[in-house]
Amino acid sequence: MTYPLTPSARPRFTLCSPRACRFPTILPDSKVDCRIHFALNCGAASCPPIKKFTAVAIDDELDVVSRAYCEDNGNVKIDGDVCHLNQIFNWYGGDFGKTNEQKLKTIVQWCEGDKKAAMQNVIDKGSKVEYLVYDWGSDASEPVRRFDIANAFKEAEWTESGKRGPE
């Protein structure tokens, strides 16, 4: 079936929320480990840092990145009776819990000391949650150099075999 190209026409393709796009036959919700959201990275400043994981220690490594992410006030911040959370907890909220209270009870396990006590206080007082503005800027520590094809091969000489020569 095709649709006419008019402003009121139905689009052939639609974007859906990450929750709606998960195929339960491939990965049922009950099998999702919410810590995976602290390991995936799109390169935005609000994303978790890039880390290499190993099969042997994946469980411990996911715990480490979960703690690091939640201890960072740019991702989880307590302000009085309100917990301010990174948008990841909103976009993939169902993986952390169905209600704000469930989400906070999941997150509190990765917090320590004063932050853990403050979050427990928020939970005890009604679990008020607000979401932080997501920073889509690059998380690169240095400015990204623009690629210039005209100068791409001037930095190093190439040998006839196609390998780089001495620099």
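Return the residues of the stretch 66-79 that are within 17 Å of Arg35 (Cα to Cα) and surrounded by fewer than 15 Cβ atoms within 10 Å (Cβ to Cβ); say none if nothing qualifies.
If the condition is that a residue be within 17 Å of Arg35 (Cα to Cα) and surrounded by fewer than 15 Cβ atoms within 10 Å (Cβ to Cβ), then Asp72 is the only one that fits.
Which is among the acidic types (Asp, Glu), in a loop (DSSP other than H, G, I, E, B) and surrounded by fewer than 18 Cβ atoms within 10 Å (Cβ to Cβ), of Asp135, Asp63, Asp59?
Only one candidate passes the filter, namely Asp135.
Mind listing just one residue for me: the one in the stretch 80-100 that is assigned to a strand (DSSP E or B) and out of contact with any Asp or Glu (no Cβ under 7 Å at 6 or more places or on another chain) and, of those, surrounded by the fewest Cβ atoms within 10 Å (Cβ to Cβ)?
Within the stretch 80-100, the match that is surrounded by the fewest Cβ atoms within 10 Å (Cβ to Cβ) is Leu85.
A short reminder: the numbers here are calculations on the coordinates, not readings from a lab. As the structure is a prediction and not an experimental result, all values here were calculated from the model. Positions of Cβ are generated from backbone atoms using ideal geometry, with glycine treated the same way; all protein chains shown enter the neighbour counts.
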